[in-house]
Amino acid sequence: MSASAPTAPQQAGSPSALPPEWADDERMAFLFSAFKLNREVNCTDWDGKMNFWAPLIVSCCRRRGAVSVTLQELSESFRRNGTVPLGLPTVVQDMIRRGKLQKESEFAALVDPGWLSWGVGLLLVKPLKWTLTTVLGSNRVPPEEPYVVTELVKEKASELLRVYRSSPAAERTLVPFQELRGLAAHICPDETTLCLALLQLQREKQVTVAVHEGEKIVKFTQAGQTRVSPVGEVDLGIYQLQRSERLLGERVEALAQEAERCREEARTLLGQGKKTQALRCLRARKRVEKRADSLHAQLETVQGILERIANSHTERLVVQAYQAGVSALRLSLKDVTVERAENLVDQIQELCDAQDEVNQTLAGLDISMGGDTDELEAELRSILEDATPDSPPPLPEVPTKPLPSNLAASPGLKPSSSTLKSTPALEAAQ
């Protein structure tokens, strides 16, 4: 381990984002060395270097917020103690072979055959390069050739689409390119990054780019669409109306502020005793208000047209829904006829009648079995009565009237059984 602190990459980010090996001089000396001419010479060393540099290039570009990079930028980013990695060209070539990197010119050409319009200053700041080396497919990596990091451009495209759909601009079919730049400034730091993200969205059929009267406009997919449709005359007409609405609204607001300024100036002049000048300010205010009223009427007309267009789109969707419903209903009733329905009803009625007959038959069986059941229950009761044990004879009833006086006068005299038996007779005589 060297005593001197290693130099951090100039654009790779904070030292904490660097891999741990960056502080190991011996390890970095190996990683900064050139690759062997053939991987088969030492697969372990080759794969170790490749697995170190390829992810680091992607993470470096991600931290910078860029989706494209050149070999020269990578060399400066990974400069350490005054030296640059000698194997970076081999790493770039391997990433191109595996689809991790792609030449910026080829990326644009594969997306849109009219890619040249992107390279003559319509969208990109600098033209995309299409050199003889690119056409012939040389293995040499030009230091200034920009390469697109495919993983990062897909991420930027997804973020750009999400930002658009969550913004008020999503209510409009077409968006000016300059307005989109301001909308996506926090995710696309420069115009090149934004254009590459749009190219990726164009590859995914989510946007289309056009130029109208020298102004670059972008059309995104709308709700319910899986792919964007080409920019048509209707889209351009609506875009013109929306732009007119915006300009008229700004002009009306400016005239309203000017009228208020004239009113305040007239009040100030009147307070200073300058009545003539105050009257001139009021006249100017009246003229400004008249122009504002005229522009406001035009604004209402444009807004009415846009509202009618929006309603027509809604009505078209309703009609399309009706048509889809009719088609679905027609398909569902394709094999259904009145005769077939009547036959089904007759079959159901026959089955119900057959079921009623079965129920009646089963009910008669229950009645016939009911007689046998009564006889068996009667026999069971008789068996229970026979099985009941003999009960003791009943006791005589206890008399409720007092005994005769002659019996009550002899204490200690116990009445005999004959006396007890004659008691009822005595009671009857009394």
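With respect to Lys154, determine if the residue is surrounded by fewer than 19 Cβ atoms within 10 Å (Cβ to Cβ), basic (Lys, Arg) and modelled with pLDDT under 90.
no
In the range 57-72, what residues are touching a helix residue (DSSP H, G or I) at 6+ places or on another chain (Cβ under 9 Å) and assigned to a helix (DSSP H, G or I)?
Result: Ile57, Val58, Ser59, Cys60, Cys61, Arg62, Arg63, Arg64, Leu71.
Quick one: Lys334 ticks every box in (1) farther than 30 Å from Gln240 by Cβ; (2) open to solvent by less than 80 Å² (accessible area, probe 1.4 Å) bar one, so which box is it?
(2)
Taking the condition in contact (Cβ under 8 Å) with a residue 12 or more places away in the chain, in contact with a helix residue (DSSP H, G or I) (Cβ under 8 Å, 6 or more places away or on another chain) and surrounded by fewer than 17 Cβ atoms within 10 Å (Cβ to Cβ), does Val207 pass?
Answer is no for this residue.
Filter the range 226-263 down to the residues that are closer than 27 Å to Leu201 by Cβ and in contact with a Lys or Arg (Cβ under 7 Å, 6 or more places away or on another chain) and list them by number.
Arg227, Val228, Val231, Asp235, Gln242
Results for (1) of a type outside the set (A, V, I, L, M); (2) open to solvent by 30 Å² or more (accessible area, probe 1.4 Å), shown as yes or no for each residue.
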residue: Val231; (1), (2): no, yes
residue: Val234; (1), (2): no, yes
residue: Ile238; (1), (2): no, no
residue: Arg246; (1), (2): yes, yes
residue: Val252; (1), (2): no, no
residue: Gly271; (1), (2): yes, yes
residue: Lys275; (1), (2): yes, yes
residue: Ala278; (1), (2): no, no
residue: Leu282; (1), (2): no, yes
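Kindly indicate which of Thr193, Thr173 is in contact with a strand residue (DSSP E or B) (Cβ under 9 Å, 6 or more places away or on another chain), farther than 27 Å from Arg246 by Cα and either among the hydroxyl-bearing types (Ser, Thr, Tyr) or open to solvent by 30 Å² or more (accessible area, probe 1.4 Å) (or both).
When all the criteria are applied, what remains is Thr193.
Looking only at the range 73-87, which residues are part of a helix (DSSP H, G or I), touching a residue at least 40 places away in the same chain (Cβ under 8 Å) and buried (at least 19 other Cβ atoms within 10 Å of the Cβ)?
Of everything in the range 73-87, those that are part of a helix (DSSP H, G or I), touching a residue at least 40 places away in the same chain (Cβ under 8 Å) and buried (at least 19 other Cβ atoms within 10 Å of the Cβ) turn out to be Glu73, Ser77.
Please list, ordered by first then second residue, the pairs with beta carbon atoms under 8 Å, 6 or more apart or interchain, first in the range 180-191 and without any contact (Cβ under 8 Å) to a residue 12 or more places away in the chain and over 12 Å from Ala169 (Cβ atoms), second open to solvent by 10 Å² or more (accessible area, probe 1.4 Å) and assigned to a loop (DSSP other than H, G, I, E, B).
none
May I ask you to list pairs of residues, at least six apart or on different chains, whose Cβ atoms are under 8 Å apart, with the first in the range 276-299 being in contact (Cβ under 8 Å) with a residue 24 or more places away in the chain and the second being of a type in the set (Lys, Arg)?
So the pair list comes out as Arg285/Arg263; Leu295/Arg251.
Let me spell it out: the conditions are (1) open to solvent by less than 90 Å² (accessible area, probe 1.4 Å); (2) at pLDDT 90 or above, and Val135 meets all of them except one. Which number is the exception?
Val135 satisfies every listed condition except (2).
Just to be sure before I move on: is Ala184 surrounded by 13 or more Cβ atoms within 10 Å (Cβ to Cβ), under 30 Å from His296 (Cα atoms) and aliphatic (A, V, I, L, M) in the structure I sent?
The answer is no for Ala184.
Take residues that are in contact with a Ser or Thr (Cβ under 6 Å, 6 or more places away or on another chain) and tell me which of the strands (runs of 3 or more DSSP E) falling wholly in the range 167-244 contain 1 or more.
Passing ranges, in order: 215-220.
Out of the residues in the range 190-220 meeting the condition of being within 25 Å of the chain's Cα centre (by Cα) and among the charged types (D, E, K, R), tell me which one is farthest from Arg62 (Cα to Cα).
Lys219
The values are calculated or read from the model by the stated rules, or taken from the named source; none is laboratory data. Computed from a predicted structure; not experimentally measured. In this analysis, Cβ positions are derived from the backbone assuming ideal geometry, glycine residues included, and neighbour counts consider all displayed protein chains. SASA here: full protein model, heavy atoms, side chains in, ligands and nucleic acids out. Shrake-Rupley method; radii C 1.70, N 1.55, O 1.52, S 1.80 Å.
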